[in-house]
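Worksheet: one structure, shown below.
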Amino acid sequence: MKGLILKDIYNLRRSLNTFIIFILAYSIFSYATGNIAMLMVMSVFLMSSMAISSIVYDDLAKWDIYALTMPVTRRQMVLSKYILQLLLSLISALTAGFCALLVTSLRGDLIGLSTILDISLDAYIAFLASLVYLSVNLPLIYKFGVEHARLLMFGTLFIPIGIIYILDKMGVNLPSLEDLKGLLYLSPLLLGLVLILSISISYRIYRGKEM
Amino acid sequence: MENILTIENLTKDYGEFILKEVSFQLPKGCIMGLVGENGAGKTTIIKLILNLIKKDGGSIQIFGLDNIENDPALKEGIGVVLGESNFHDNLKSTEVSKIMKNIYNKWDEALYFKYLNRFKLPADKKIKEFSKGMKIKLSIAAALSHKPQLLILDEPTSGLDPIVRNEILDIFLEFIQDEERAILFSSHITSDLDKIADYITFIHNGGLIFSQSKEEMLDYYGIIKCGTDQFQLIDKEDIVGYRRNSFGCEVLIRNKRENRLKYRDWVMDDANLEDIMLFHIRGEKN
């Protein structure tokens, strides 16, 4: 399993370098405008597609058929992608959070407990979103292949936004962020459930795949 | 002689293509050539051995153990080269070692770098800069560096020039010096198998034509070159296949030794693997 994740990290090296350049550029932008929320959202958004990129690279090299001739189980193949994304999302959330704090302090704004809490919350929500995005899309990719799943992935991103927009236009009373705060305490549990469900669906699909 | 690989009545039904009840054994210390035209079922057999696809019948034992029940532990003892390099273009050969070290328990880094040296493969270049020959050599180095007992090669020499091919065949002959090991080598380059194979397993249209030692095979088949009139005199039972040309007929005959006496006034040549394949597949039958 460690070998599989190492392989992905080597392959994503260039994208990770791009991520570092991006986060530096965005930090400067945030410093100039004072808007740090975008820094958090964009950095985690960029990182959230890394596991999917790694599957594109694997497809190009016809890696899976080769990897399964090694002492590697299909379960490990699937699990390695989730662990990779968990690691990358964690790193990007922490990096973005740290940069946001740095930008705030450089701007001379006062950093109190509430600022730290706000930034941590933003980082945490971005982290959650990236893993939910992966959990929805990875089973689709295993089922339909990266090429065919692209359109569906576009759908999984924009259909929920569209529904919320339409409901809002129709005058449906949507819960405010304040109302959702209660959910925050439950979120680690919910995320765990979503991940377990997604991993088991992905594995079920991948287990039956003929190479 | 103990078998490293035993296949019995192996069946896979793809609908439009069926691998039909194929059985053969690969003994220790031997190189087996798996031959057949493209689409005959060679790769299907290799995929079934490696549990990459599901079989519809039969059994496969590797080192005396069922290949599905003991997957993936069995794979510690198997080295595989598929027809191409399956390492990502952006990796370097040093990184391949770091990855493999974390996959195989018995990965021997020193041995791997010894092979890289011998194959003159640069450690610091990306694989995308490698030629096709270099990529195959890298795959072979990777397949050998965890010291497998069984090497499975799917068309490893196709598309390579004769010099690289010979170099690679030498490596396989070296590997087999240890009598505990064996190689299963699928190819349609029959001259490569003429050089190194001890056993030949011949697959055609998903069925097994024969699986026997190369010596036995060469001893069994012969070619008679004769005129059309003479051809009529050959016992139909003795003919595997024949080809007509402007000079007369070429006939692949079975039971060469016995038939040498029967057709003693005729010219009977030895048949090589390519002849045997061609007459079986393309030769006219009675």
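The values are calculated or read from the model by the stated rules, or taken from the named source; none is laboratory data. Just so it is clear, the structure is predicted and the values come from calculations on it, not from any experiment. Quick reminder, even Gly has a Cβ in these numbers, built from the backbone with ideal geometry, and neighbours come from all protein chains shown. In case anyone asks, the SASA skips ligands and DNA or RNA and just uses the protein heavy atoms, side chains included. Shrake-Rupley method; radii C 1.70, N 1.55, O 1.52, S 1.80 Å.
Listed here are the residues, each with its yes/no results for (1) assigned to a strand (DSSP E or B); (2) over 22 Å from A:Ala67 (Cα atoms); (3) hydrophobic (A, V, I, L, M, F, W, C); (4) within 13 Å of chain A (Cβ to nearest Cβ).
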{"site": "B:Lys20", "(1), (2), (3), (4)": "yes, yes, no, no"}
{"site": "B:Met32", "(1), (2), (3), (4)": "yes, yes, yes, no"}
{"site": "B:Thr43", "(1), (2), (3), (4)": "no, no, no, yes"}
{"site": "B:Leu48", "(1), (2), (3), (4)": "no, no, yes, yes"}
{"site": "B:Leu52", "(1), (2), (3), (4)": "no, no, yes, yes"}
{"site": "B:Lys55", "(1), (2), (3), (4)": "no, no, no, yes"}
{"site": "B:Ser59", "(1), (2), (3), (4)": "yes, yes, no, no"}
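Report whether or not B:Ile152 is of a type in the set (Val, Ile, Thr), open to solvent by less than 20 Å² (accessible area, probe 1.4 Å) and at the interface with another protein chain (Cβ under 9 Å from one of its Cβ atoms). Considered against the rule, which asks whether it is of a type in the set (Val, Ile, Thr), open to solvent by less than 20 Å² (accessible area, probe 1.4 Å) and at the interface with another protein chain (Cβ under 9 Å from one of its Cβ atoms), B:Ile152 comes out as yes.
Scanning for something among the acidic types (Asp, Glu), on the phi < 0 side of the Ramachandran plot and either assigned to a strand (DSSP E or B) or not assigned by TED's automatic domain parsing to the domain that holds B:Ile7 (or both), does the range B:165-175 turn up at least one residue? No; the residues of the range B:165-175 include none that is among the acidic types (Asp, Glu), on the phi < 0 side of the Ramachandran plot and either assigned to a strand (DSSP E or B) or not assigned by TED's automatic domain parsing to the domain that holds B:Ile7 (or both). Against the list (1) open to solvent by less than 10 Å² (accessible area, probe 1.4 Å); (2) at pLDDT 95 or above, the condition B:Thr6 fails is (1).
Note on the range A:160-211: residues that are assigned to a helix (DSSP H, G or I), more than 18 Å from the chain's Cα centre (by Cα) and modelled with pLDDT under 90 total 17.
Checking each residue in the range A:35-63 for being within 11 Å of another protein chain (Cβ to nearest Cβ) and on the phi < 0 side of the Ramachandran plot picks out A:Ser54, A:Val56, A:Tyr57, A:Asp58, A:Asp59, A:Leu60, A:Ala61, A:Trp63. B:Ser93 meets the conditions (1) more than 8 Å from every other protein chain (Cβ to nearest Cβ); (2) open to solvent by less than 10 Å² (accessible area, probe 1.4 Å); (3) on the phi < 0 side of the Ramachandran plot; (4) under 16 Å from the mean Cα position of the chain (by Cα) in every case but one. The failed one is (4). Mind telling me which of the residues B:Gly83, B:Gly15, B:Gly58 ends up being without any contact (Cβ under 8 Å) to a residue 12 or more places away in the chain and of a type in the set (Gly, Ala, Ser)? Step by step, each of B:Gly83, B:Gly15, B:Gly58 is checked, and only B:Gly15 is without any contact (Cβ under 8 Å) to a residue 12 or more places away in the chain and of a type in the set (Gly, Ala, Ser). With respect to (1) touching a residue at least 40 places away in the same chain (Cβ under 8 Å); (2) surrounded by fewer than 19 Cβ atoms within 10 Å (Cβ to Cβ), the lone exception for A:Met77 is condition (2). Kindly evaluate B:Ala123 against the criterion of being among the small types (Gly, Ala, Ser), assigned by TED's automatic domain parsing to the domain that holds B:Thr43, touching a strand residue (DSSP E or B) at 6+ places or on another chain (Cβ under 9 Å) and closer than 23 Å to B:Leu74 by Cα. It is false that B:Ala123 is among the small types (Gly, Ala, Ser), assigned by TED's automatic domain parsing to the domain that holds B:Thr43, touching a strand residue (DSSP E or B) at 6+ places or on another chain (Cβ under 9 Å) and closer than 23 Å to B:Leu74 by Cα. Taking the numbered list (1) closer than 30 Å to A:Val56 by Cβ; (2) surrounded by 12 or more Cβ atoms within 10 Å (Cβ to Cβ) in turn, A:Leu167 passes all entries but (1). Taking the range B:69-88 as the range and being facing chain A (nearest Cβ under 7 Å) and surrounded by fewer than 20 Cβ atoms within 10 Å (Cβ to Cβ) as the test, the residues that pass are B:Pro72, B:Ala73, B:Glu76.
Within the range A:133-155, residues that are closer than 12 Å to A:Asp59 by Cβ have Cβ atoms under 7 Å from residues that are open to solvent by 20 Å² or more (accessible area, probe 1.4 Å) and assigned to a helix (DSSP H, G or I) in these pairs: A:Tyr142/A:Ile205; A:Val146/A:Val56; A:Val146/A:Asp59; A:Ala149/A:Leu140, counting only partners at least 6 apart in sequence or on another chain.
The set of residues in the range A:16-34 that are within 14 Å of another protein chain (Cβ to nearest Cβ) and either surrounded by 13 or more Cβ atoms within 10 Å (Cβ to Cβ) or among the acidic types (Asp, Glu) (or both) contains only A:Leu16. Only one of (1) at the interface with chain A (Cβ under 10 Å from one of its Cβ atoms); (2) under 17 Å from A:Pro71 (Cβ atoms); (3) surrounded by fewer than 22 Cβ atoms within 10 Å (Cβ to Cβ) is not met by B:Asp108, so which one is it? Status for B:Asp108: all satisfied but (1).
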